[in-house]
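So the structure is just underneath, and the comments pick up after that.
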Amino acid sequence: MIKVSRSTILDAPVAAVWEVLRDFNGHDRWHPAVDRSALEGGKKTDQVGSVRNFVLGGGERIRERLLSLSDKDRRLRYAIVESDVPLMNYVAEVSLKPVTDGDRTFWSWSSKFEAPKGRERELADLVAEGVYDAGFEAVRARVERRSPASSAPLQRAAGGAAIDGLAMVIDRHGGPEELHPARIAAPPPGPGEVRLHQTAIGVNFIDIYCRSGAFDLLQPPGAPGMEAAGVVVDVGPGVRHLRPGQRVAYACPPVGAYASVRTMAAELVVPLPDSIDAEAAAAGLLKGMSAEFLLHRVHKVQQGETVLVYAPAGGVGRLLCQWAAHLGATVIGATSSEEKARIARAAGARHVILPGTQSLEDQVRDLTQGRGADVIYDAVGRDTFAHSVAALAPCGHLISFGQASGPVGSWDIGSLAASSATVSRPNFAHYTDTPAKVAAITERLFHAIDRRVVTVEIGRRYPLSEAAEAQRALENRETTASTILIPNENEESL
């Protein structure tokens, strides 16, 4: 299934833009690709179920059905019924939201469809550029306010109004119950900053460590969160790699991602390729970047190595299994249930270890003819560290990159001599603290996603206001794959 998502911001009131778009049979009056259009069966132009029969400039005929239309939400969905262009099972959605700063409009246009083998890229580009981008510019010319400055670069300097939004914050460190909603205002971006309308937010164990106080990254009051995706509202002076309306994502400190709007430093915010939608980016960027440097930088996994991955059905673990297997490693997963074991095997784990009468290290040695694992990726911490050391092959590498069960405590370095072990405790921030590092990691990650070396799976979605429930489920190890939070307009009125 191909996904195409585009968005933009128009310098026009949302009501004016919606008036144009809600006319389901009016696109021949504004879209440059449409030559003529007519409704079938005498139905009204905003009537759900109506079919528009139109002809493109090149003579191709397309019939599309209106599936839903909401004036309250300013959203409509439609599907191709019949087409000379081979866009199969095509379903699209148009959505508008007001941007209170300057009374502007955020417009999202997205679709899913299938295409003949070998024509996927061609047809994705056709939809993204020939339909969506061309439509944006046509409506822009129709509704935007015009002034002598309208041809200036798409950059907004500091000044103007703040944008109201919702955040989930803590007033003190503690359990999930400390998270509560609060009104926030994202100020206009200053030099080197960007202001974002966030559409999906990642939930990660580091958020739990920040909420509890285990990591000294969040001093209350404040919002946790390291990862989100959204759309650029405006940029401050000096920002050259981002523009208003662009789809972007980030996975970097400072914390504060649990919010519907945010103003932050722009240097580590990255543009998203068309092949990755906002939810996949929010679910997979931090985890995918972690998997990239764990497999390619902390330890460069080689073909033929044996790799042990804890929590192989989780967000990072699943990506580690997929990518390590692609690199030619033999992957062993260590998990807690047969359900999670099935997920691990589907992700590329050749063997899966479950709790039983044998210790983890004995099971690893049975699977490796007594040798042990060449590299172990351990995100559990206190409960597994000793077992991991015992399961290493001679000159093996233990990478402790998380502490879901608590800190590992103090260890006598002499105890590592039994296997000449190397132990690493990588810090995400040290591998992602410059634009050059982020660019290198995300380039390899996006390429891996595009080639389906790794796939980002979303296990659970929660409204932003239910962030406490999302963290509680993750902390209790009730989840598989990735968890995300979705801001919505109804919540922002809280």
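Values for this structure:
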{"item": "Nearest-20 debye value, the chain charge dipole, Cβ charges on Lys, Arg, Asp, Glu", "result": "660"}
{"item": "Relative contact order of the chain, pairs being alpha-carbon contacts under 8 Å that are 6 or more residues apart, as %", "result": "12"}
{"item": "Length gained when the stretch ALA214-SER359 is fully extended (0.36 nm per residue, less Cα-Cα span)", "result": "49.3 nm"}
{"item": "Filtered trypsin sites (Lys or Arg not before Pro), the range 1-67: DSSP coil and at most 15 other beta carbons within 10 Å", "result": "LYS44"}
{"item": "Lysine pairs within the chain, Cα separation less than 22 Å, 8 or more sequence positions apart or different chains", "result": "12"}
{"item": "Sum of side-chain charges, ALA200 neighbourhood, beta-carbon under 9 Å (Lys, Arg +1; Asp, Glu -1)", "result": "-1"}
{"item": "Residue-averaged 222 nm ellipticity for the chain, from DSSP H runs of 4+ at -39500 (n - 2.57), nearest 500", "result": "-6500 deg cm²/dmol"}
{"item": "Rg ratio (alpha-carbon, reference 2.2 N^0.38 Å) - the range 303-425", "result": "0.96"}
{"item": "Per-residue Cβ neighbour rank within 10 angstrom, fewest leading, CYS210, CYS321, CYS395", "result": "CYS395, CYS210, CYS321"}
{"item": "The range 1-146: mean projected area of Cα convex hull, nm²", "result": "8.5"}
{"item": "Per principal axis, descending, Cα span of the range 204-309 in whole Å", "result": "49, 36, 25"}
{"item": "Kirkwood-Stokes translational diffusion coefficient of the chain, alpha-carbon pairs, 25 °C, 0.890 mPa s, µm²/s", "result": "100"}
{"item": "Cα-centre dipole for the range 303-425 with unit charges at Cβ (Lys and Arg positive, Asp and Glu negative), debye to 20", "result": "280"}
{"item": "Principal axis dimensions, the range 342-399 - Cα atoms, whole angstrom, descending", "result": "29, 26, 23"}
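Any read-out appearing in this document is the output of simple, stated calculations on the displayed coordinates, not a laboratory observation. Remember, it's a predicted structure, so these values are computed and weren't measured experimentally. When we count neighbours, we look across all protein chains shown, and the Cβ atoms used for this are built from the backbone with ideal geometry, even at glycine.
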